[in-house]
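The values are calculated or read from the model by the stated rules, or taken from the named source; none is laboratory data. Remember, it's a predicted structure, so these values are computed and weren't measured experimentally. Neighbour counts are summed over all protein chains in view; Cβ atoms, including those assigned to glycine, are modelled from backbone coordinates with ideal geometry. Keep in mind that these areas ignore ligands, DNA and RNA; they rest on the heavy atoms of the full protein, side chains included. Shrake-Rupley method; radii C 1.70, N 1.55, O 1.52, S 1.80 Å.
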Amino acid sequence: MYGALYYGDIRRSTNGGINFGSIAGGITENGGWVTPYKLDPNNANRMFAGFDNIWRNDAARTGTTWTQISSFGGTQNIRDLAIAPSNSDVMYVSRYDNSFRRSNNATSGSPTWTNLTSGLPVSNEPADIEIDPNDPTHVFIALNNDIYESTDSGNSWSNISGTLPNISLNSIVIDVSSPVDAIYVGMDVGVYYKDNNLSDWVSYSSGFANLEVTELEIQYGSDCKG
């Protein structure tokens, strides 16, 4: 298992969490207070982490060697990163300088990046990025108080917020097991739900306290690989 402290101190345990050891010592940049890091959904031995740039560890289970795979310039931290479940080469990242980028070869020796910032509908960086599990060109972002959808790899966006409340939208999660493309969003107050059978979002907060929702995760059954 993996965990982290502030500023990107990523740690690994190989004995069920009894002991942890730092594995981020080879990274030469400082991470944010909350540093995003994710395992490749198709290769549990590969990890990506966002500091000022994106770093990749191709032997995350045992190794501590990291390769810097971007050169964005400046010293702003990465805010969020997402790897396409259907194609590990496709990665989207947002950075605390109002920028948004995509790589189509993130696992290669020398990844390249496309700057998508000018296409964002609002001048701010996405707080959360979610990629369609079956289509790497289909992307959702949480941007300020709205959720936006792109079907062309982040080049253009449609606001799909409907009647969601006008408060910060913080987290998005897609139910990969849903036959109707169910999607949930977490906001400064409450959780909301939508699927292909609904024309607008509905509250999913019955019995839930009026709390800020900063992350959503789905617990799947053993028969689902999501």
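Output the number of the condition that Glu217 fails; it satisfies all remaining conditions of (1) crowded, with 17+ Cβ neighbours inside 10 Å; (2) without any contact (Cβ under 8 Å) to a residue 60 or more places away in the chain; (3) assigned to a loop (DSSP other than H, G, I, E, B).
(1)
How many residues does the stretch 101-113 contain that are within 14 Å of Asn53 (Cα to Cα) and open to solvent by 60 Å² or more (accessible area, probe 1.4 Å)?
Of the residues in that region, 2 qualify.
Residue by residue, here is whether (1) among the charged types (D, E, K, R); (2) closer than 27 Å to Gly109 by Cβ; (3) touching a strand residue (DSSP E or B) at 6+ places or on another chain (Cβ under 9 Å) holds:
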{"residue": "Tyr6", "(1), (2), (3)": "no, no, no"}
{"residue": "Ile10", "(1), (2), (3)": "no, yes, yes"}
{"residue": "Gly16", "(1), (2), (3)": "no, no, no"}
{"residue": "Asn19", "(1), (2), (3)": "no, no, no"}
{"residue": "Gly31", "(1), (2), (3)": "no, yes, yes"}
{"residue": "Val34", "(1), (2), (3)": "no, no, yes"}
{"residue": "Phe48", "(1), (2), (3)": "no, yes, yes"}
{"residue": "Trp55", "(1), (2), (3)": "no, yes, yes"}
{"residue": "Arg61", "(1), (2), (3)": "yes, yes, yes"}
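Given the conditions (1) of a type outside the set (Lys, Arg); (2) touching a strand residue (DSSP E or B) at 6+ places or on another chain (Cβ under 8 Å); (3) under 19 Å from Leu216 (Cβ atoms), report the number of the one that Val122 does not fulfil.
In the conditions (1) of a type outside the set (Lys, Arg); (2) touching a strand residue (DSSP E or B) at 6+ places or on another chain (Cβ under 8 Å); (3) under 19 Å from Leu216 (Cβ atoms), Val122 misses (3) alone.
Given the conditions (1) loosely packed, with under 14 Cβ neighbours inside 10 Å; (2) under 16 Å from Trp113 (Cα atoms), and given that Ser70 satisfies all but one, which numbered condition is not satisfied?
The failed condition is (1).
If you check Asp89, Asp132, Asp80, which single one turns out to be more than 21 Å from Gly186 (Cα to Cα) and among the acidic types (Asp, Glu)?
Result of the check over Asp89, Asp132, Asp80: Asp89.
Kindly indicate which of Val176, Val189 is farther than 18 Å from Ala142 by Cβ, aliphatic (A, V, I, L, M) and open to solvent by 60 Å² or more (accessible area, probe 1.4 Å).
From the options Val176, Val189, the qualifying one is Val176.
Tell me which residues, restricted to the stretch 73-100, are open to solvent by 30 Å² or more (accessible area, probe 1.4 Å) and either charged (D, E, K, R) or more than 19 Å from Leu143 (Cβ to Cβ) (or both).
Result: Gly73, Gly74, Thr75, Arg79, Pro85, Ser86, Asn87, Asp89, Asp97.
A quick yes/no check of all residues on (1) assigned to a loop (DSSP other than H, G, I, E, B); (2) surrounded by 19 or more Cβ atoms within 10 Å (Cβ to Cβ):
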{"residue": "Asn134", "(1), (2)": "yes, no"}
{"residue": "Ile141", "(1), (2)": "no, yes"}
{"residue": "Ile147", "(1), (2)": "no, yes"}
{"residue": "Thr163", "(1), (2)": "yes, no"}
{"residue": "Asn170", "(1), (2)": "no, no"}
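From (1) within 20 Å of the chain's Cα centre (by Cα); (2) over 26 Å from Val34 (Cα atoms), pick out the condition that doesn't hold for Ser206.
(1)
Looking only at the stretch 66-118, how many residues end up being acidic (Asp, Glu) and either in contact (Cβ under 8 Å) with a residue 60 or more places away in the chain or not in a loop (DSSP other than H, G, I, E, B) (or both)?
The number of residues fulfilling the criteria is 2.
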